[in-house]
Structure formats: C-alpha cells, structure tokens
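Here's the structure, in structure tokens; my notes come after.
The values are calculated or read from the model by the stated rules, or taken from the named source; none is laboratory data. Because the structure is predicted, anything quoted here is derived from the model rather than measured. All Cβ positions, even for glycine, are placed from backbone atoms using ideal geometry, and neighbour counts span all protein chains on display. Quick note on the areas: whole protein, heavy atoms, side chains included, nothing else; ligands and nucleic acids left out. Shrake-Rupley method; radii C 1.70, N 1.55, O 1.52, S 1.80 Å.
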Amino acid sequence: MHPAIEEIVEKTREQFQLNDFYLESYDLLKYNDNQIVLSMNWLPNGSNKEADKTNPAGTVEISVDIDTKRITEIVFVDEKNVLPEELFPQVDNMEAIIEWIEDQTQLEYGRQFKLVKETNENIEFHAAVDNIRLFPGGSIDIHFNQEGILSGFFVHGLFADESQIHWEPFNLIDEAVQPLVKQHCKVIEVPDEPTAAWKPYYVISSFLIPNQAPDSIIYFSEIENNLSYKPLDIILTWTEPSTERFEGKEIDLKYTITEEEVFQKREVQGNNKPIPDDTIDQIVTEITNMLRMEFPDDSGLWRLTSVKRERGYLLARLDPAEETPKVLYPSLMLWINPATLKVDNYMDPTPLLDAFDFFAEAEAVKVNKETAADLLYRHIELEPVYVQDQQTDMYRLCGKVTGDVYGVDAVSGELSTFDE
C-alpha cells in the first residue's frame with residue numbers, strides 16, 4: 001500500500017471511528033482527467049462479502065479524493081448505519097446538516113452551494129455562487145433511512161468561488177428572449193405506448209443566452225463537452241463494400257487504475273486538446289472503412305456529427321444521414337485509437353429500438369408553429385446561471401432557457417407535460 005493511500009485509510013478510520021470494521025478492499029477510480037478517488041470497502045468485523053460478491057448490510061463504502069483528501073461518497077449498505085450517532089447530523093436539523101456538509105467539503109453554504117430539494121429521505125444541494133447556480137455545476141446529495149439516520153452522502157461535479165465570477169447584473173428581458181425562444185420551437189415525435197404509435201409534439205429546446213450578448217445562444221453540447229469537442233456534418237459514402245471483416249478490440253476506458261499509474265507516472269490525457277483538421281480527414285477515411293465492413297449496404301445513410309477526446313480515445317458519433325423528428329433513432333458511438341486513428345470498436349444501440357418497429361407513423365401536423373410557440377412561451381423558465389469558460393476556468397452570467405417539460409400536441413393543439 002502506497003504511503004499516500006495508507007494516510008487516507010488511517011485518517012478515514014479515525015474520522016469515522018471504524019474500530020469495529022476492517023478494510024476489506026480498495027480501488028483507485030478515475031472519475032475524469034482531473035479527479036482520482038480512493039474507493040474503500042469497510043466491512044464489520046467478523047463479516048465477509050456475500051456469495052454474489054456484494055458487500056453485506058452495514059458495510060461502509062467511502063470514497064476520498066486523493067488530491068484534496070475530501071470525502072466524495074459515503075454509502076451504508078442496505079441503509080444500515082451503526083456508526084456513532086454523534087458523527088452525523090439528523091434529518092430534522094437542517095442547520096446541523098449544512099454545518100456537517102461544510103466541514104466535509106470545505107464549501108460555504110449560500111456562497112458556493114444552495115438547497116434545491118428537501119424531503120424526509122433526501123436533501124439535495126447544487127453548486128451556486130451567491131445563490132446563482134453554476135452550469136454545469138456540482139451537486140451534493142445526502143440520504144437518510146427510515147429512522148432519520150444518514151445512509152448516503154455524495155459530492156459530484158464542479159464548484160466555484162467568487163474569485164472565478166465575472167460580476168454583472170442579470171438584465172435579460174422578454175423583448176430579447178422571446179424571438180430566440182420561438183425560433184427553437186420544433187416538432188418531435190414521441191412513442192406513445194397506449195396507442196402503439198408515434199405522436200408529434202411541438203417543443204422548445206433548451207439553450208443558454210449570454211447576458212451580455214442577448215442576440216446569441218449557446219447550446220448545452222458546447223458547455224457539457226470538453227474543449228476537444230468538434231461538431232461535424234459529414235455524410236459517409238462509398239462505392240463498394242469491403243471484403244474484409246471488422247475485428248473489434250476490447251475497449252479499456254481506464255475507470256480503475258493502479259497505484260503506479262497514480263503516484264509514479266500520472267499522465268494527463270489532454271481531453272481539452274483540439275483535434276486537427278487532418279486528423280478529422282483520416283478519421284473519416286477509417287470510419288468509412290469500418291462501415292464498409294460492418295454495414296456494407298449503408299453508403300450515404302450515416303452522418304458523422306461529432307468527435308471528441310474521451311478517456312484516452314477519440315469518440316465519434318454517427319447519426320442517420322436523413323434527419324428525423326423521432327426522439328429515438330439509430331446511432332453509433334465509435335472508439336478510435338488516437339495513435340493509429342483506426343476504429344477499435346463501436347457501440348450500436350439499434351437493437352433497443354426494435355420494440356418500436358411496429359409503431360404506427362405519426363399523424364400529420366395540424367397546428368401551426370406560431371400558435372404552438374405562443375402557448376409554449378408562457379411556460380418556459382428563464383433562470384440566471386453562471387456558465388464555465390473551460391479555457392479560463394472563469395464563469396460568465398447567462399440565462400438558461402428550459403422549456404422541454406411541456407409540449408403541444410401538434411394534432412390537437414393541447415398542452416401536455418412530459419415526465420422529467
């Protein structure tokens with residue numbers, strides 16, 4: 001055991017008074033390029049893993065960030081927490097809960113995270129600076145069992161402080177927002193199981209509006225992906241199929257890594273490094289070669305829509321060449337070796353769509369777009385959020401437009417809500 005791991009183990013044992021437990025196993029898990037956690041399984045003395053290799057009731061599963069030494073997860077298996085009660089807050093004492101979270105995370109309530117949901121079983125907080133949420137932002141979830149005792153604690157994602165914020169008043173107004181919102185009103189087709197048919201709905205897709213540039217928009221994909229993400233629009237064609245057979249390789253996404261990799265040769269994969277145009281050209285060639293082998297009759301049927309760096313690979317997405325309003329449609333995710341630029345393997349979720357093969361096609365749209373957009377506009381949410389600039393790690397104020405909870409039946413004109 002590496003000394004750094006041993007230090008975390010002993011600190012964890014002391015902090016949670018795990019004297020009646022033993023460390024059964026541990027792993028080093030790579031959450032992303034910037035975070036590696038030590039995941040530990042503490043079993044009650046005298047107990048062992050179940051026959052199916054799962055942890056027995058009462059096991060404490062604890063994860064700690066190896067750099068910050070802060071807790072990222074605590075799970076009590078089967079919600080059985082037999083540790084001393086004074087270590088944890090009670091469900092009915094919000095002040096104590098917040099103080100405990102602040103102590104575990106070194107974050108300040110009201111300035112770096114805020115309450116967004118509260119029930120007897122679950123309390124959820126979201127990353128926020130002075131009560132304005134970050135997007136994408138971190139979350140803090142704390143769970144309690146039926147006795148009101150803590151049974152789970154989870155800290156994920158990004159948090160920020162005031163030094164990372166560009167301060168400005170939020171000044172987006174209806175006159176600027178309304179035209180952009182209505183432009184994003186479109187028809188989608190949703191599978192309706194009771195009628196075994198596709199149903200058309202008008203919806204308003206979600207997006208961001210910069211506070212200082214209200215005539216422009218930012219799509220979620222630009223923010224939620226790393227800086228290497230490159231949207232594309234390339235239809236893949238070939239004149240004849242290949243006689244060769246595609247041999248997929250096993251994909252190693254490196255979720256679990258060794259102590260040596262962490263402490264002796266820790267590498268930065270550089271997922272924010274741009275992908276050169278000549279690399280894209282070669283990727284197109286290699287993807288086409290793979291399609292000629294695996295999908296020989298599909299020339300002109302696939303569109304390369306994006307490429308990005310992901311866990312040591314280049315990850316490419318293929319969608320149907322002909323755009324469809326259906327919310328479920330065939331797609332391919334291709335894992336490409338960054339050294340050879342050849343396709344190592346791919347994921348095809350198409351078989352999951354077979355259940356909808358017998359669904360009737362959607363009825364023709366009868367409601368005009370303007371009418372639907374006016375109705376949907378009354379139900380959109382415009383929330384001020386701080387959006388991260390990945391290049392500078394600073395945050396700028398934007399308006400987050402959310403309207404996809406509601407839809408207008410494109411045949412009847414009735415307003416509906418979709419399950420979140």
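When nucleic acids and ligands are ignored and a 1.4 Å probe is applied, Val365 ends up with an accessible area of around 70 Å².
Calculated FRET efficiency, Ile251 to Leu353, Cβ-Cβ distance, R0 = 35 Å: about 0.95 to the nearest 0.05. Using 0.36 nm per residue and subtracting the Cα-Cα separation, the extra length available between Gln15 and Thr195 on full extension is 59.1 nm. Take the Cα of Gln146, go 7 Å toward its beta carbon, and the backbone nitrogen atoms of segment 80-98 under 16 Å from that spot belong to 80-81. To put it simply, the accessible area of segment 1-86 at a 1.4 Å probe is 43 percent carbon and sulfur.
Over segment 7-125, Cα pairs under 8 Å with separation of 6+ residues give a relative contact order of 16 percent. Axis angle, to the nearest 10 degrees, between helix 277-294 and the longest C-alpha principal axis of the chain: 80 degrees.
Extending 7 Å from the Cα toward the beta-carbon at both Glu24 and Thr237 defines two label points whose distance is 5.9 nm.
Per the helix-only calculation at 222 nm, which mean residue ellipticity applies to the chain, given -39500 (n - 2.57) for every DSSP H run of n ≥ 4 and division by its residues, nearest 500 deg cm²/dmol?
-5000 deg cm²/dmol
How much of the accessible area of segment 292-377, probe 1.4 Å, is carbon plus sulfur, in whole percent? So the carbon and sulfur contribution to the accessible surface is 54 percent.
Asn345 sits among other residues whose Cβ lies under 12 Å from its own Cβ, and their net charge, with Lys and Arg +1 and Asp and Glu -1, is -4. Projected label points at Arg311 and Ser216, each 7 Å from Cα along the beta carbon direction, are separated by 3.4 nanometres.
Taking the chain as a Gaussian network of alpha-carbon nodes connected by springs under 10 Å, the highest mean-square fluctuation of the residues Leu227, Leu382, Leu301 belongs to Leu301. For the pair Leu301 and Leu415, the difference between a 0.36 nm per residue extended length and the Cα-Cα distance amounts to 37.6 nm.
Considered as an equivalent ellipsoid built on the Cα gyration tensor, segment 110-199 has semi-axes of 32, 28, 11 Å, the largest given first.
Between the Cα long axis of helix 174-183 and the first principal axis of the chain there is an angle of about 60°, rounded to the nearest 10.
Given the Cα atoms of the chain, and with Rh set as the inverse mean 1/r over their pairs in the Kirkwood sense, what is Rg to Rh to two decimals?
On the way: Rg = 25.1 Å, Rh = 25.2 Å.
For the chain, the value is 1.00.
A straight line joining the Cα centroids of segment 171-226 and segment 1-80 runs 42 Å. Arg303 exposes around 40 Å² of accessible area when a 1.4 Å probe is run over every protein chain in place.
Find the relative contact order for the chain and round it to a whole percent, using C-alpha pairs within less than 8 Å whose residues are 6+ positions apart.
15
Net charge of the neighbourhood of Pro274, taken over other residues with C-beta under 11 Å away and scored Lys/Arg +1, Asp/Glu -1, is +3.
What FRET efficiency, computed as 1/(1 + (r/R0)^6) with R0 = 22 Å and r the Cβ-Cβ distance, is obtained for Asn45 and Glu7, rounded to the nearest 0.05? Intermediate results must be reported in sequence, preceding the final value.
Numbers: r = 23 Å, r/R0 = 1.03.
Computed FRET efficiency for Asn45 and Glu7 comes out at 0.45.
In terms of its Cα atoms, segment 1-159 spans 47, 38, 28 Å along the principal axes, sorted from long to short.
Averaged per residue, the chain has 53 square angstrom of accessible surface, using a 1.4 angstrom probe with ligands and nucleic acids left out.
Computed on segment 214-338, the Cα convex hull volume stands at 166 Å³ per residue.
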